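Down below is the structure, laid out as structure tokens.
Read the figures in this text as sums done on the coordinates, not as results from a lab. A quick note: this is a predicted structure, and the numbers were derived from the prediction, not measured. A quick note on method: Cβ atoms are made from the backbone with ideal geometry, for glycine too, and the neighbour counts reach across all protein chains shown.
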Amino acid sequence: MRNFLRRAHQDIWAWMNRHKMATIFWSGVLIDFWANWYSYAINHDWIILQAFLGFWLPLLNFPFLVWFFDEKEHKERFKYCLCGAVSMTIGSTIMLLMVREGWIAGTAF
């Protein structure tokens, strides 16, 4: 089992490295949605959900941080930032549309 997990980790990380822009884009959508959901949970006193979301949020950002700081060229760093900015715009919009439709709306305790 341990070898399987190690191999899966290596395969996933290798795929992410080969497809950095796609990974940054889809991760950005997920991360921004997650961050907005975290804020929404705080505002509605959903303490358990807020704790869960807050724990995982920094871990979801890990590939961004590694690639951004490992990259030496400012041009590549800017492309990562621009891709992240566009994807985060989409993540925020999805979150707001879901709230508007009442899909994740709840009441405070």
Next item on the list: Write down, largest first, the equivalent ellipsoid semi-axes of the chain in whole Å, where each equals the square root of 5 times an eigenvalue of the alpha-carbon gyration tensor.
Entry: 29, 19, 12
Item checked: Sparsely packed GluC sites (Glu not before Pro) within region 1-90, loop by DSSP, other Cβ within 10 Å at most 15 -> Glu71, Glu73
Notebook entry, point to check: When ranked by the protection proxy of mean other Cβ atoms within 10 Å per residue, highest first, what sequence do the peptides 42-50, 87-95 form?
Noted result: 87-95, 42-50
Margin query: Below 8 Å, C-alpha to C-alpha, sequence gap of six or more: please give me the relative contact order for the chain in percent.
Written below: 41
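With n ≥ 4 as the cut-off for DSSP H runs, can you work out [θ] at 222 nm for the chain, using -39500 (n - 2.57) per run divided by the number of residues, rounded to the nearest 500?
-28500 deg cm²/dmol
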Item checked: 0 to 90° range, to nearest 10: angle between helix 74-101 axis and the chain longest Cα axis -> 20
Next item on the list: Compute the long axis of helix 20-43 from its Cα atoms, compare it with the longest principal axis of the Cα atoms of the chain, and write down the angle in degrees, 0 to 90, nearest 10.
Entry: 20
